[in-house]
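One structure is given below, encoded as structure tokens.
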Amino acid sequence: MALQGSEEIGEQIEESEELDEQDVSISPAEEITLPAGPVVEDDSSDSLLLPWDRFSTWLHCICVVGFDLELGQAVEVIYPHHSKLSEKEKTSICYLSFPDSNSGCLGDTQFCFRFRQASARKSSLGCFLEQFDRDAPVCLKRDQGHYYGYVYFRQVRDKSLKRGYFQKSLVLISKLPYVTFFHSLLKLIAPEYFEKQETCLEAACNDIDRWPTPHPGKILTLPIMGVVMKVRIPTCYDKPGTSQLVQSTQSDNLVSIVLPTIHEVDLFRCFYPVFFHIQMLWELVLLGEALVVMAPSPAESSDTVLALVSCVSPLRYCSDFRPYFTIHDNEFKEYTTRTQAPPSVILGVTNPFFAKTLQHWPHIIRIGDMKQAGEMAKQMKVKKLKNLKTLDSKPGVYSAYKPFINKDEDIIKQLLKGVQQKRPSEAQNAILRRYFLELTQSFIIPLERYVASLMPLQKTISPWKSPPQLRPFIQEEFMKTLEKAGPQLTSRLKGDWMGLYRQFLKSPNFDGWFRNRRREMMQKLEALHLEALCDEDLQLRIQKHTEVETVDLVLKLKDKLTQAEKDQLPVQPGTLAKLQSHIEAVILALPEDLQGILHKPSTP
């Protein structure tokens, strides 16, 4: 999805003088941001759902992972019982649901992990879920190739057990990256489960199966375990950097929890130990560099990895990332091999073994205990990798990377002042999130403007010819546009922006972003072509054709209509219905024997 809010910054930028005032090319970035909000379908579609369908739109399943002295970690319960997990997936969940023994996590600990889906599964809800994804921001779309695991781990002393400890995890498995929401949900379900066992789990699952489906843009009231949660899922139409807070109303007597966000982590808390280097970390994530976060616990590891991934928002981070990664992971050998360069991935680890195994990685972030936030990391310089010997090394960033952009001292001073004045953590987090957003937008706007110029002029679209092709992305042509319309128009930061762009154009993040933008623009071209067809007088057109040619035209138009419905093209309201009526009128003008062949009911 095109970056929303870019027009706000772009208003200060003069349009290119080379553009003809009358032949302005159609910019998908502008077209897509026009709606005030997504078109939310009627809830009647929800009524068609079968038992457990509503549950499946939120979660794949819930697992209970226990510890057996002979077997080690084992999945004890999967609910609902019909949920399918491969043996490989069960093994991943087992190992990732428990902290490493060195973490010393006594009491209750929450964290999340992410693992590869072992095999593709076709869902009967496919089209239904695609509808949700269409209106969701890129960072909140369902993960097609991975599952998220949201963990509530409890470890308490119990002399009645041979091991001397009760150790168990309740894990929510989902395709949705709603980390804040699912952690809040676990805080309600897990303590009850540890007290009342499986009956409680069954009741929670039944509650979830009565929830409304997760429509972006809707305010949802979600009853669970005698408590009511109220949330709003963001949409791609929301202005970046703003959250439409869910307001409490007089009718909310039963609402116990109102969540201001479903997915955002506390950036300032996560980056606090290394916040002198936030700008360099932003560059490393933007370029898809191999990064490893070494932390004392899975909670700190997973939060920091998620904070890194989100710091380039609203750009989607397109490489792999693992909030919590262990030596038992299926990709352990693939990601730790020394026979090739480290892959484009962000790993969060806690096992000291990784300090040796990954010491050849180019960028290592060492995070201390976030609970001991009384003293900030004093080391302001980036440390050399050779100084990282063990996981006990001091917190800091270990890298030989030289940033392209000069360091922004103002944001450091602003955050430091906040620490000295004991500014609330929420305010510090908001300042840092806004900083990253403006930095990313300043970087992406020139790319958006150039890619929009690749769109053919609307006047070149003819209803009786195939839609025109997009012009190719030419790197040097784009680089020339930076001289007059580069990030210097919206950012005060100096440095080698050209070098940063050249490196970015080689990265997985650019590849993913451009593929998405290209697909959007091609859909826009198809939509404009359909609208042009609707404005044509088909009855007049067929007078110049034979019956065979007319039948061929009808078949092609019906195929085009079917494809438009399948792709959910961004056409003007009523376009598909209008085209359908045109086709029906042409069919009725044909002899009856041909009408019988062609006149099949079709609903736009």
Restricting attention to segment 283-313, and to residues there that are hydroxyl-bearing (Ser, Thr, Tyr) and outside any helix (DSSP H, G or I), which single residue is surrounded by the most Cβ atoms within 10 Å (Cβ to Cβ)? 297
Being open to solvent by less than 90 Å² (accessible area, probe 1.4 Å) and either assigned to a loop (DSSP other than H, G, I, E, B) or touching an Asp or Glu at 6+ places or on another chain (Cβ under 9 Å) (or both): is that true of residue 482 here? no
Tabulated pairs, segment 211-234, first in contact (Cβ under 8 Å) with a residue 60 or more places away in the chain, second in a strand (DSSP E or B), C-beta under 6 angstrom, 6+ apart or interchain: 211/222; 212/220
Give me a count of the residues in segment 442-459 that are touching an Asp or Glu at 6+ places or on another chain (Cβ under 9 Å) and either part of a helix (DSSP H, G or I) or among the aromatic types (Phe, Trp, Tyr) (or both). 4
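From the list 377, 355, pick out the single residue that is of a type in the set (Gly, Ala, Ser) and modelled with pLDDT under 65.
377
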Expected output for segment 411-434 (first residue open to solvent by 80 Å² or more (accessible area, probe 1.4 Å), partner at pLDDT 95 or above, Cβ below 6 Å, 6+ apart or cross-chain) is none
Quickly run through segment 408-417 and pick out the residues that are touching a Leu at 6+ places or on another chain (Cβ under 9 Å) and under 11 Å from residue 493 (Cα atoms). 408
Considering every residue within segment 100-111, establish whether at least one is within 24 Å of residue 351 (Cβ to Cβ), modelled with pLDDT of 95 or more and buried (at least 17 other Cβ atoms within 10 Å of the Cβ). yes
Residue 316 being under 14 Å from the mean Cα position of the chain (by Cα), open to solvent by 30 Å² or more (accessible area, probe 1.4 Å) and of a type in the set (D, E, K, R): yes
Is there a residue being in a strand (DSSP E or B), modelled with pLDDT of 95 or more and open to solvent by less than 10 Å² (accessible area, probe 1.4 Å) anywhere in segment 265-282? no
Restricting attention to segment 320-343, report how many residues are at pLDDT below 95 and either open to solvent by 30 Å² or more (accessible area, probe 1.4 Å) or part of a loop (DSSP other than H, G, I, E, B) (or both). 16
Test result for residue 506, under 27 Å from the mean Cα position of the chain (by Cα), open to solvent by 50 Å² or more (accessible area, probe 1.4 Å), within 30 Å of residue 346 (Cα to Cα) and not small (Gly, Ala, Ser): yes
Being over 18 Å from residue 113 (Cα atoms) and of a type in the set (Gly, Ala, Ser) is the filter here; which residues of segment 152-172 pass it? 160, 164
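The values are calculated or read from the model by the stated rules, or taken from the named source; none is laboratory data. Quick caveat: nothing in here was measured; it's all calculated off a predicted structure. Please note: Cβ atoms are built from the backbone with ideal geometry, for glycine as well, and neighbour counts cover all protein chains shown. Ligands, DNA and RNA are excluded from the accessible area calculation, which covers all protein heavy atoms including side chains. Shrake-Rupley method; radii C 1.70, N 1.55, O 1.52, S 1.80 Å.
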